[in-house]
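**Q** Have a look at the structure that comes next, please.
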Amino acid sequence: MCERCIIIRNLIIAVIGVCFVLFGLGEYLRLKKLREDIEHIRENIDDRFYRMQKATHRVIASYNAATPEEKIALLKSAIEIDPNVFNGYNTLGYTFLEQGKIMEAINAFKDAIYAHPDDKAGYFDLAYALLKNGNKDLCLENLRKAIEIDPSARKDLKDNALFKELEDDPEFKALFG
């Protein structure tokens, strides 16, 4: 009987040892996968950072472009590199406005809002382009949206020269509460 007990005990110890080895192997494989995932995330962050810097550099370079065409080309390439580049769509919109291309400006400002829906600047810029296009109602609607997103927009709007022609409009005055 004692021999049988020793064999059963040894079998139990062997099974526990095998379970321990399998658990260790599973944890090793899980940690190896986690390390690969972290490395992949790091590579994506590095790539995103590089594209963001490259795009931002092109937006900045556009400020000193010799011609409007060169400026537009730089801005479009910046947006192509990184669609979320800060001020890319807004600067493109104002460049179009300078050329009298109001519909292109409106589309650029709409793209700015799509890329950054929680930034009041896109709504202000779109409102200005809509006003220049003769659409006061949509202009006011976008100004309301800017204020809804960021109540500090009221202060920015109060003495904004872009909307000077609306200063006596009752709907415009109502935006200030």
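The values are calculated or read from the model by the stated rules, or taken from the named source; none is laboratory data. Computed from a predicted structure; not experimentally measured. Counting neighbours? That spans all protein chains shown, and the Cβs are built from the backbone with ideal geometry, glycine included.
**Q** Collect the residues in the stretch 112-125 that are assigned to a helix (DSSP H, G or I) and farther than 20 Å from Tyr63 by Cα, keeping them in residue-number order. Step through it out loud before you land on a result.
**A** Step one: filter the stretch 112-125 for residues assigned to a helix (DSSP H, G or I), giving 112-115, 120-125.
Result: Ile113, Tyr114, Ala115, Lys120, Tyr123, Phe124.
**Q** For Ala108, indicate whether it is within 17 Å of the chain's Cα centre (by Cα), small (Gly, Ala, Ser) and in a helix (DSSP H, G or I). Write out each step before concluding.
**A** Working: within 17 Å of the chain's Cα centre (by Cα): yes; small (Gly, Ala, Ser): yes; in a helix (DSSP H, G or I): yes.
For Ala108, the condition - within 17 Å of the chain's Cα centre (by Cα), small (Gly, Ala, Ser) and in a helix (DSSP H, G or I) - is met.
**Q** Kindly indicate the residue of the stretch 10-61 that is polar (S, T, N, Q) and over 16 Å from Gly88 (Cβ atoms) and also modelled with the lowest pLDDT among those meeting that condition.
**A** Asn10
**Q** Take Lys120 and decide whether it is of a type in the set (Lys, Arg), closer than 23 Å to Lys158 by Cα and free of Cβ contacts under 8 Å to residues at least 60 places away in the same chain.
**A** Values: of a type in the set (Lys, Arg): yes; closer than 23 Å to Lys158 by Cα: yes; free of Cβ contacts under 8 Å to residues at least 60 places away in the same chain: yes.
So Lys120 passes the test.
**Q** Please specify each residue of the stretch 66-78 satisfying the condition of being surrounded by fewer than 17 Cβ atoms within 10 Å (Cβ to Cβ), in a helix (DSSP H, G or I) and out of contact with any Lys or Arg (no Cβ under 7 Å at 6 or more places or on another chain). Steps first, answer last, please.
**A** Step one: filter the stretch 66-78 for residues surrounded by fewer than 17 Cβ atoms within 10 Å (Cβ to Cβ), giving 66-70, 73, 76-77.
Filter once more, keeping what is in a helix (DSSP H, G or I): 68-70, 73, 76-77.
Matches in the stretch 66-78: Pro68, Glu69, Glu70, Ala73, Lys76.
**Q** For Ile81, are the conditions met, namely being within 30 Å of Lys132 (Cβ to Cβ) and surrounded by 10 or more Cβ atoms within 10 Å (Cβ to Cβ)? Reasoning before the result, please.
**A** On the way: within 30 Å of Lys132 (Cβ to Cβ): yes; surrounded by 10 or more Cβ atoms within 10 Å (Cβ to Cβ): yes.
Here the answer is yes, as Ile81 does meet what is asked.
**Q** Mind listing just one residue for me: the one in the stretch 143-177 that is among the small types (Gly, Ala, Ser) and in a loop (DSSP other than H, G, I, E, B) and, of those, surrounded by the fewest Cβ atoms within 10 Å (Cβ to Cβ)?
**A** Looking only at the stretch 143-177, we keep the residues that are among the small types (Gly, Ala, Ser), and these are 146, 152-153, 161, 174, 177.
Imposing the further condition that a residue be in a loop (DSSP other than H, G, I, E, B) reduces the set to 152, 177.
Working: Ser152: 11, Gly177: 7.
Within the stretch 143-177, the match that is surrounded by the fewest Cβ atoms within 10 Å (Cβ to Cβ) is Gly177.
**Q** Could you please find all residues in the stretch 117-153 being among the polar types (S, T, N, Q) and within 25 Å of Val85 (Cβ to Cβ)? Steps first, please.
**A** Within the stretch 117-153, the subset among the polar types (S, T, N, Q) is 133, 135, 142, 152.
If the condition is that a residue be among the polar types (S, T, N, Q) and within 25 Å of Val85 (Cβ to Cβ), then Asn142, Ser152 are the ones that fit.
**Q** Right, something else. Please determine, by comparing only the residues of the stretch 1-57 that are closer than 30 Å to Ile72 by Cβ and among the aromatic types (Phe, Trp, Tyr), which one is farthest from the chain's Cα centre (by Cα).
**A** Going through the qualifying residues, I end up with Tyr50.
**Q** Can you give me the number of residues within the stretch 127-141 that are in contact (Cβ under 8 Å) with a residue 24 or more places away in the chain and either assigned to a helix (DSSP H, G or I) or closer than 15 Å to Leu157 by Cα (or both)? Even if it seems obvious, please write down each step before you answer.
**A** So the first thing to find is which residues in the stretch 127-141 are in contact (Cβ under 8 Å) with a residue 24 or more places away in the chain, and the list is 127-133, 136, 139-140.
Those left that are additionally either assigned to a helix (DSSP H, G or I) or closer than 15 Å to Leu157 by Cα (or both): 127-132, 136, 139-140.
Of the residues in that region, 9 qualify.
**Q** Separate question: Quick check, is Phe96 surrounded by 11 or more Cβ atoms within 10 Å (Cβ to Cβ), assigned to a helix (DSSP H, G or I) and touching a helix residue (DSSP H, G or I) at 6+ places or on another chain (Cβ under 8 Å)? First the steps, then the outcome.
**A** On the way: surrounded by 11 or more Cβ atoms within 10 Å (Cβ to Cβ): yes; assigned to a helix (DSSP H, G or I): yes; touching a helix residue (DSSP H, G or I) at 6+ places or on another chain (Cβ under 8 Å): yes.
Yes: the conditions hold for Phe96.
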